[in-house]
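A.B. asks: Take this structure first; my questions come after.
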Amino acid sequence: MSDIPKVSILVPVFNVERFVAEAIDSIKNQSYRNWEAVIVDDGSTDSTLAVVQSSIINDPRFILVVNPKNLGLVDSLNVGLKYCSGD
């Protein structure tokens, strides 16, 4: 597995409880296997965080970052980028 580059997938989320599980399943079902996914919850006020937590449980390829308040897309991407370790 080390011969193929590791890809980081950066996923900012905010109040997307209806769609986030499907997005996570799509990432899990990729044919490319050497990846990590950094999900940044940007202070969601719905159940997005709970859905994410239950969708990524026991899958160490996912890194969850939670902003204590809504920072907006650009700042959330910059926060998440610090956790990415892909090639």
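The values are calculated or read from the model by the stated rules, or taken from the named source; none is laboratory data. As the structure is a prediction and not an experimental result, all values here were calculated from the model. Neighbour counts are summed over all protein chains in view; Cβ atoms, including those assigned to glycine, are modelled from backbone coordinates with ideal geometry. What goes into the accessible areas is simple: the full protein's heavy atoms, side chains included, and nothing from ligands, DNA or RNA. Shrake-Rupley method; radii C 1.70, N 1.55, O 1.52, S 1.80 Å.
A.B. asks: Keeping all protein chains in place and using 1.4 angstrom, which order do 14, 62, 19 fall into by accessible surface area, from largest down?
C.D. replies: Working: 14 90, 62 20, 19 120 Å².
Accessible-area ranking of 14, 62, 19, largest first: 19, 14, 62.
A.B. asks: If you don't mind, another one. So how exposed is residue 28, as accessible area in Å² (1.4 Å probe, rounded to 10)?
C.D. replies: Here the accessible area works out near 50 Å².
A.B. asks: For the chain, what is the charge dipole size about the Cα centre, in debye to the nearest 20, if Lys and Arg each add +1 at the Cβ and Asp and Glu each add -1 at the Cβ?
C.D. replies: Numbers: 7 positive and 11 negative charges, 25 e Å.
With Lys and Arg at +1 and Asp and Glu at -1, about 120 debye.
A.B. asks: For the chain, what is the accessible area per residue in Å² when the probe is 1.4 Å? Can you show the working numbers first?
C.D. replies: On the way: 5380 Å² over 87 residues.
That works out to 62 Å² for each residue.
A.B. asks: Additional query: How long, wide and thick is the chain, going by the Cα atoms along their three principal axes, in whole angstroms, largest first?
C.D. replies: Taking the Cα atoms of the chain, the three principal extents are 41, 24, 17 Å.
A.B. asks: Give the accessible area for residue 75 in Å² (nearest 10); use a 1.4 Å probe, count only protein heavy atoms, and leave out ligands, DNA and RNA.
C.D. replies: 80 Å²
A.B. asks: Stick to the Cα atoms of region 34-77, pair each with every other, and give me the Kirkwood hydrodynamic radius in Å at one decimal. List each step's numbers first, then the result.
C.D. replies: Details: mean 1/r = 0.0902 Å⁻¹.
Taking every pair of different Cα atoms in region 34-77, averaging 1/r and inverting gives 11.1 Å.
A.B. asks: Right, another one. Top to bottom by accessible area (1.4 Å), largest first, where do 33, 61, 18 land? List each step's numbers first, then the result.
C.D. replies: Working: 33 110, 61 70, 18 190 Å².
Accessible-area ranking of 33, 61, 18, largest first: 18, 33, 61.
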